[in-house]
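*Asks:* Before I ask anything, let me first share the structure, which is written out below as structure tokens.
The values are calculated or read from the model by the stated rules, or taken from the named source; none is laboratory data. None of these values were measured; they are calculated from a predicted model. Note that we place each Cβ from the backbone using ideal geometry, even for glycine, and neighbour counts take in every protein chain shown. Side chains are part of the model used for accessible areas, which takes the heavy atoms of the whole protein and leaves out ligands, DNA and RNA. Shrake-Rupley method; radii C 1.70, N 1.55, O 1.52, S 1.80 Å.
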Amino acid sequence: MLGLITILTLSLTGGAAVADTGTAWQDTRRPVKDRVERLLARMSLDEKIGQMTQAERGSVTADDITRYRLGSVLSGGGSVPTPNTPEAWADMYDGFQRAALATPLRIPIIYGVDAVHGHNNVVGATIFPHNIGLGATRDPELARRIGAATAEEVAGTGLDWDFAPCLCVARNDRWGRTYESYGEVPELPSQMSSIIDGIQGHRLGGSPTSILATAKHYVGDGGTAGGVDQGDTRLSEAELRRVHLLPFRAAIKRGVGSVMISFSSWNGVKLHGHKYLITDVLKRELRFSGFVISDWNGIDQIDGQPGFTPEEVRTAVNAGIDMFMVPQEWRAFIDTLKAEVRAGRVPMSRIDDANRRILTKKIELGLFERPFTDRRYTRTVGSPQHRALARQAVAKSQVLLKNKGGVLPLDRRDNKIFVAGKNADDIGNQSGGWTITWQGSSGPITPGTTILEGIRQTAGRSSTVTYSKDGTGIDGSYKAAIAVVGETPYAEFEGDRPGAMGLDAEDLATIERLRASGVPVIVVLVSGRPLDIAAELPKWDALLAAWLPGTEGRGVADVLFGVTKPTGKLPSTWMKSASQQPINRGDGQKPLFPFGYGLTYRK
Ligand code: GLC
């Protein structure tokens, strides 16, 4: 009997049993498949179920990770270490990782975060335009560069998994996640899925800043009736495939390593329990070889009752979900799944398939060889280079919708400009949801350049720029008035707008105050979607859709002053009235501005 435990494992080559002293799976010269099989052969049921379990950082200790063999940790939106600094994130990550490596098989955790427009939970990170703005650029290479910059900042804090991109096709602008969509037609999210190449690199694990991307939310999240978040997408299978499946085909072609399941339903059946769509379509037909993760407590929704039951757990596992985002109830999940396996209601083959998928991505990422933060990249968080890229993206995302008499671009010299509006000098408002906190918030929440600061920086020394949030103080001596108005931050269902979709009373009053002076009024709309402004538009001299630009507000000024010509094109049809929703290209309705519309400057 050898001193070492001798494990007989079927080699992948000829099926011949080979002696495995238990470290062969750590040999980086071996094919990934071989390493996975050798590791899997050594794992207990507890270790396999642990790999399928993802806990939220605030509900788990390092000891828990070691004791329960947890395979993954996440930060929910706004779940951050104290202090919220890149170094503290890296220390937190490394602490959890050390705990994972204290297990007998030393399987590292993979740590997921929503870096959906930059590493947006981290104070000081570069916040890029939200996806609706990037869709307006029609620039896949720009999206790829943004993905690479985001991955650098995420990797610089240790984390190795980005719950992005959202490849939703937002069909009803009432939906609170419209701004997470690159556009209303499937070709746009498909085209902009190039961000995956940036996040993962040309090969997963091919560089220290290659992290795992996530195509989400599978499938049909943007097509629910009434635009209700987590609602019901009522479509034929042909329509579901034509509109909502297409971007996932593109993502899989790019080698996306994970897919997140949607909270929504398809014709009344929750996606989290949908074996046909997850196993038959995504895994078999589309040949997705990465792993599937649930959304936040997504399995709780299968039966429509709070919490999860053994039936919901086995339904979701047997449907083909591989890893479970069970932020707080992860212990109950582990116990329940173990009982379902022991009772024979979840086959071991399903547990092994999930583990093969998860372990394959961990090995490809190089987590076994490079488990800790590469601190060389910590300094990239919020770097001047990344901010310059973000400013360029902001400028390219601007869509000029009206420019009466060529009031734009503004002269930089000898000008007298009045700026007003609640979104003119507010980093939080111009960044939108998923910024520092889950919902985002108004105010100076993170370092950056507000749109007002950008205007001041761009106007020449011989010009005057006056700011008054509500427009008080304007008079006829000014040559132009800029009203920066629109929406305040929101995320997910908090942003659903089942009722009116126009400007609020504060914004309308501000614009009216400016108009009363007789000065030409330029409206800059900071919003996560098209708004119902047709009745107001005739009273405005110009309209610029700025979307949710993020920290680099100077990109908006670049367009206002003509430093950069506006080239943005609408990623979403602009309604004439909220009563038209949903309104999309080719549906026969007459919009205020059609999909693809956008003006530029003549000179
Ligand atoms: C949220 C979102 C999903 C996100 C996840 C983790 O509910 O639906 O997009 O990745 O939870 O924060």
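*Asks:* Taking segment 398-580 on its own, what percent of its Cα-Cα pair distances exceed 28 Å?
*Replies:* Numbers: 2918 of 16653 pairs.
Across segment 398-580, Cα pairs with separations above 28 Å total 18 percent.
*Asks:* Farthest toward the dipole's positive end in the chain, which of 388, 502, 549, given Cβ charges of +1 (Lys, Arg) and -1 (Asp, Glu) about the Cα centre?
*Replies:* Farthest towards the positive pole: 388.
*Asks:* Still on this structure: Semi-axes of segment 70-130's equivalent ellipsoid from the Cα gyration tensor, sqrt of 5 times each eigenvalue, largest first, rounded to whole Å?
*Replies:* The equivalent ellipsoid of segment 70-130 has semi-axes of 25, 13, 8 Å.
*Asks:* Then there's this: Leaving ligands and nucleic acids out of the surface, order 92, 192 by accessible area at 1.4 Å, largest first.
*Replies:* Highest to lowest solvent-accessible surface, that is 92, 192.
*Asks:* Follow-up question, since we're still on this one. Restricting to segment 398-580, what percent of DSSP beta bridges are antiparallel, rounded to 5?
*Replies:* About 20 percent, rounded to the nearest 5.
*Asks:* Moving on to the next point. Compute, for residue 249, the solvent-accessible surface of its heavy atoms (probe 1.4 Å) with the complete set of protein chains present, and express it in square angstrom to the nearest 10.
*Replies:* Accessible area of residue 249: about 100 Å².
*Asks:* OK, next. Treating the angle as unsigned and between 0 and 90°, give the value, to the nearest 10°, between the Cα long axis of helix 348-365 and the longest Cα principal axis of the chain.
*Replies:* Its long axis makes an angle of about 60 degrees.
*Asks:* Something else about it: Gap in Å between the Cα centre of segment 165-203 and the Cα centre of segment 93-160?
*Replies:* Each part reduced to its Cα centre gives a spacing of 16 Å.
*Asks:* Given a 1.4 Å probe and every protein chain left where it sits, what share in percent of the accessible area of segment 398-580 is carbon and sulfur? Each step should come with its number before you reach the end.
*Replies:* Details: 3020 of 6050 Å².
Carbon plus sulfur share of accessible area: 50 percent.
*Asks:* Rounded to the nearest 20 debye, what is the charge dipole size of the chain about its Cα centre when +1 sits on each Lys and Arg Cβ and -1 on each Asp and Glu Cβ?
*Replies:* With Lys and Arg at +1 and Asp and Glu at -1, about 1740 debye.
*Asks:* Please compute the contact order of segment 307-427 in relative form: average sequence separation of alpha-carbon pairs under 8 Å and at least six residues apart, divided by the residue count, as a percent.
*Replies:* Relative contact order comes out at 20 percent.
*Asks:* Using only the Cα atoms of segment 136-287, each taken as one equal point scatterer with no solvent, compute I(q) by the Debye sum, divide by I(0), and report log10 of the ratio at q = 0.21 Å⁻¹.
*Replies:* With no solvent term, the Cα-only Debye profile gives -1.27.
*Asks:* Here is a follow-up. Over segment 326-380, how many percent of alpha carbon pairs lie in each 5 Å bin up to the one with the longest distance?
*Replies:* P(r) over segment 326-380, rounded to whole percents: 4, 15, 13, 16, 17, 14, 9, 6, 4, 2, 0.
*Asks:* What is the Rg over Rh value, at two decimals, for the chain, using alpha-carbon atoms and the Kirkwood definition of Rh?
*Replies:* 1.02
*Asks:* Which distance in Å, rounded to a whole number, links the C-alpha centroids of segment 496-575 and segment 23-66?
*Replies:* A separation of 50 Å, based on Cα centres.
*Asks:* Here's something else I'd like to know. Beyond 26 Å, what percent of the Cα pairs of segment 43-379 remain?
*Replies:* Taking all Cα-Cα pairs of segment 43-379, the fraction more than 26 Å apart is 43 percent.
*Asks:* Right, another one. Looking at the chain, what % of its DSSP beta bridges pair antiparallel, to the nearest 5?
*Replies:* Bridges in the chain are about 25 percent antiparallel.
*Asks:* Counting only protein chains, not ligands or nucleic acids, how are 603, 338 ordered by accessible area (probe 1.4 Å), most first?
*Replies:* 603, 338
*Asks:* Also: So, taking all protein chains as they sit and a 1.4 Å probe, how much accessible area belongs to residue 449, in Å² rounded to tens?
*Replies:* 20
*Asks:* Could you report the accessible area of residue 396 in Å², rounded to 10, computed with a 1.4 Å probe on the protein chains as they sit in the structure?
*Replies:* Looks like 60 Å² after rounding.
*Asks:* Taking +1 at the Cβ of each Lys and Arg and -1 at the Cβ of each Asp and Glu, which of 583, 147, 302 sits farthest along the dipole of the chain towards its positive end, judged by Cα position relative to the Cα centre?
*Replies:* Of the listed residues, the answer is 147.
*Asks:* Calculate how steeply helix 310-319 sits against the longest principal axis of the alpha-carbon atoms of the chain, using the helix alpha-carbon long axis, and give the answer as 0 to 90 degrees to the nearest 10.
*Replies:* The angle comes out at about 80 degrees.
*Asks:* Using Cα pairs closer than 8 Å and at least 6 residues apart in sequence, work out the relative contact order for the chain, in percent.
*Replies:* The normalised contact order for the chain reaches 16 percent.
*Asks:* Dipole of the chain (Lys/Arg Cβ +1, Asp/Glu Cβ -1, origin at the Cα centre): which of 214, 460, 432 lies farthest to the positive side?
*Replies:* Among 214, 460, 432, the one farthest towards the positive end of the dipole of the chain is 460.
*Asks:* Next question, about the same structure. Can you give me the angle between helix 86-100 and the longest principal axis of the chain, using Cα atoms only, in degrees from 0 to 90, rounded to the nearest 10?
*Replies:* The angle comes out near 20 degrees.
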